Amino acid sequence: MLEAQSTHKLRVLMISRHHLFPATSGAAQRSAIIYRALSAFAEVDLFVIGEYINQDQICSQNIKLIGSISLQSEDIQPYPVLYRVSPWLAKARLTVSPRYGFHPSPRIAIAIHEAISRGKYDIIVARYLTTFSQCSLAGSGRIIVDIDDLTSQAFETMIVDKQRNPLFKVLRRYQQAQIAGHTLTLVRQCNHVWLPNAGQVYLFPNASWLPNIPYSLDNPLSREKQKPKRLNRVLFVGLMKYSPNQEAMDFYVRQVWPKVIQAIPEAELRIVGGGLAPHLKLEWERLPGVCVAGYVEALAPEYEICALAVAPIFSGGGTNIKVIEAMSHARPCLLSVSAARGFGAMLRDGETAVLASTAEEFARKTIMLLSDATLRQKIGDAGFRSIQQAYGFEAICNEVGQTIEAVMSKSQ
């Protein structure tokens, strides 16, 4: 593997669709982890597309930000001319030939290629295939793309949903095939791609597994601090403007929580994460024990207090960082089978985590965990131990270093 000191002359440009700090969302945490790992082997410049940047935090984390550009509607809409003439026809064409951001943006591409020409980079790392496409990076040098969530996988969760309309499923199956084919075409244009789901690596010959870990995982809380202070509190953490998170908690609040509160009247459900629509906050908090806390500055105190965490996610792709986050604080995590996807043998039902599929199962197992402190501690401790090796920062650095070495050696 590359030695860090011997590769400091390498220059890397990282292009991110998210700010890196504060590392409160899963996307920001993954971006921050990748930047930090790259910095162990090279001089890394950062270019950010589309989000507000906190300059003070960028400076405090010693990040070299060389540029940023806002994301405009013309960058997102794959058929801008047609959309101006007829939004309906543009949406119809998108339905028949879905591209979902996999299209170049001349305005963004110009800005990125100007930065590339100035920087003379050895490697370019892009967060997401959409970024790779929008920046027109094919042929621009040695390219590594962190795919993160596979869009085609997100469609798969919709297709297998038994409550979906059969005609809807037929349409989604067609769109999934279109997107999967386009994804393969784009991946072939990259030197290497990373996936957070180990079970998806086989899809591409130039792919490897880069685990999804919380930004603070390599410095977990002390065992003393990990003892819960609120033995009746259930915690959910997630950005609520992300539809899979909103759908998950709408399901849990409406279909699961009434059963829990009936069995344990003193139980509390605390939902942490910004972006929830005000009307949903009002509706959810009408139920006893429900508190929508919104955005919080630090997540560690939330895990320190709670008895268990839940992740009733049924849609979306990739892996759920909230699962690893809970386990890193030695909290038992009750999650859906969909949310467990990508973790492989690390998640063993009843040993390192607790799995559920229906509202009745979620309610029964929430009540079980709230009622049994010994079981909670046993599962929390086992989960904590199971993630230390595969999901530590050292594992991320090893994979990043091996990828850099392989990409550089193949292109010489």
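Over 22 Å apart at the Cα level, from the set Lys281/Lys365; Lys259/Lys281; Lys64/Lys322; Lys259/Lys322; Lys281/Lys378, are Lys281/Lys365; Lys64/Lys322; Lys259/Lys322; Lys281/Lys378. Full extension of the segment from Gln189 to Leu65, taken as 0.36 nm per residue of separation minus the current Cα-Cα distance, would add 42.0 nm. For Leu231 and Arg348, a Förster radius of 22 Å and the Cβ-Cβ distance give a FRET efficiency of 0.35, rounded to the nearest 0.05. Label positions at Lys9 and His113, each projected 7 Å from the Cα along the C-beta direction, are separated by 3.0 nm.
In terms of Cα atoms, the Rg and Dmax of segment 233-387 work out to 14.0, 40 Å. The label point for Lys378 and the one for Glu394, both projected 7 Å from the Cα toward the Cβ, are 3.0 nm apart.
With the simple spin-label model, which puts each label point 7 Å out from Cα in the Cβ direction, the Ala277 to Gln255 separation comes to 1.8 nm.
Taken together, the values in this text are just the output of simple stated rules run on the coordinates, not laboratory data. Keep in mind it's a predicted model, so treat the numbers as computed, not measured. With ideal geometry, Cβ positions are generated from the backbone for all residues, glycine too; neighbour counts draw on all protein chains shown.
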